[in-house]
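The values are calculated or read from the model by the stated rules, or taken from the named source; none is laboratory data. Small disclaimer: the values here were computed from a predicted structure and weren't measured. Positions of Cβ are generated from backbone atoms using ideal geometry, with glycine treated the same way; all protein chains shown enter the neighbour counts.
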Amino acid sequence: MTHHRVSDLSRRSLLGLGSAALAAPFILRATTRPAFAAAPMLGVDRPAFNRFKLGAFEITTVFDGGIALDGPHPIFGQDQPAEAVQQLAEANHLPPMRMEIGFTPVIVNTGAKLIVFDTGNGAGRRPAAGKFGEALRAAGYTPEQVDIVVITHMHPDHIGGIMEGDVPLFPNATYVTGAREYDFWSADDRLSGPTEGAAKLVRSHVVPFAEKMTFLDPEGDVVSGISAVNAFGHTPGHMAYHLESEGRRLLLWADTANHFAISVQKPDWHVRFDMDKEMAGQTRKRLFDMAAADRIAVAGYHMPFPAVGYIEARDGAYRWTQAAYELYL
């Protein structure tokens, strides 16, 4: 049996008591500390802009906002049974009867010119969209810096932001659009019937800038390295734009596909927004094949923000893949 000296036991006891005594105030304070309220809920939000390099170009995608609505059927798969569209949505982890449509203009800084592709909805048209001017400023630009505004087509969600109230948003800009698109929407007979609403907006937001406008045909250049691509069908003169700098390429396909799952995986399915539905389907497949074969990055106006990704083509089927980190390296 081991015998301990009294002095050793006493020293150990005192050390133990000392440690407990020192800890006691902290324990007491911890148990009597007042409770604080939980952090408040802040609401759903997302970034206003996303920027990356493309060779010597700097590309910024800018979120104009989005709208939630019933769908995707019958907006997408208009010629299909509702159940088929709903099943495809669920297969892509999406709600079968509720969807969002987002709006993403693109800003390209070539180093010599600052170019805006489409301008969003404009303030007041939709409660959760029309934020392009605000987002452009958040991205570090001023409207006065914009040199060129390119209009891919003249649906209201692309031209509404040309004006901010009664004042042009881009006071120093010239404009570029498709000749065929302008001729269609500016004609007097578009001011009645199903084209009336969009044509009236064209009259107030586009026609006043005709003297500052360059009209392109497919393959025409906005500036060196940026050329128009035939994407007819969604509207009569709808165009995509191909960008290339230092061997890097990007296809701005505008509204070639308006849903990253339904319109990409089923390009032949009719879309309510497409004015010539058969031609729009043919355009989708042609541009999908080009983007997939050449492994070109794509920016799509209605793709999920930041709206940049790739098309994969396998056995006649297509799929959208969102860009990851490769554009930021």
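A few notes on this one:
- Qualifying residue in region 61-71 (condition: part of a strand (DSSP E or B), of a type in the set (A, V, I, L, M, F, W, C) and within 30 Å of residue 248 (Cβ to Cβ)): yes
- Candidate set from region 109-133 (those that are assigned to a strand (DSSP E or B) and out of contact with any Leu (no Cβ under 7 Å at 6 or more places or on another chain)); member that is farthest from residue 153 (Cα to Cα): 109
- Looking across region 263-307 at every residue that is farther than 25 Å from residue 64 by Cα, in contact (Cβ under 8 Å) with a residue 60 or more places away in the chain and within 21 Å of the chain's Cα centre (by Cα), the one that is surrounded by the fewest Cβ atoms within 10 Å (Cβ to Cβ) is identified as 265.
- Restricted to region 134-188, and to residues there that are part of a loop (DSSP other than H, G, I, E, B) and of a type in the set (Asp, Glu), the residue that is modelled with the lowest pLDDT is 166.
- Between 51, 98, the distinction of being at pLDDT 95 or above, within 15 Å of residue 307 (Cβ to Cβ), surrounded by fewer than 19 Cβ atoms within 10 Å (Cβ to Cβ) and not acidic (Asp, Glu) belongs to 51 only.
- In region 262-283, the residues that are within 19 Å of residue 102 (Cβ to Cβ) and not in a loop (DSSP other than H, G, I, E, B): 262, 263, 264, 265, 271
- Region 315-329, residues that are outside any loop (DSSP other than H, G, I, E, B), of a type outside the set (A, V, I, L, M, F, W, C) and closer than 18 Å to residue 262 by Cβ: 318, 319, 321, 322
- Test: residue 24 is assigned to a helix (DSSP H, G or I) and either modelled with pLDDT of 95 or more or surrounded by 10 or more Cβ atoms within 10 Å (Cβ to Cβ) (or both): yes
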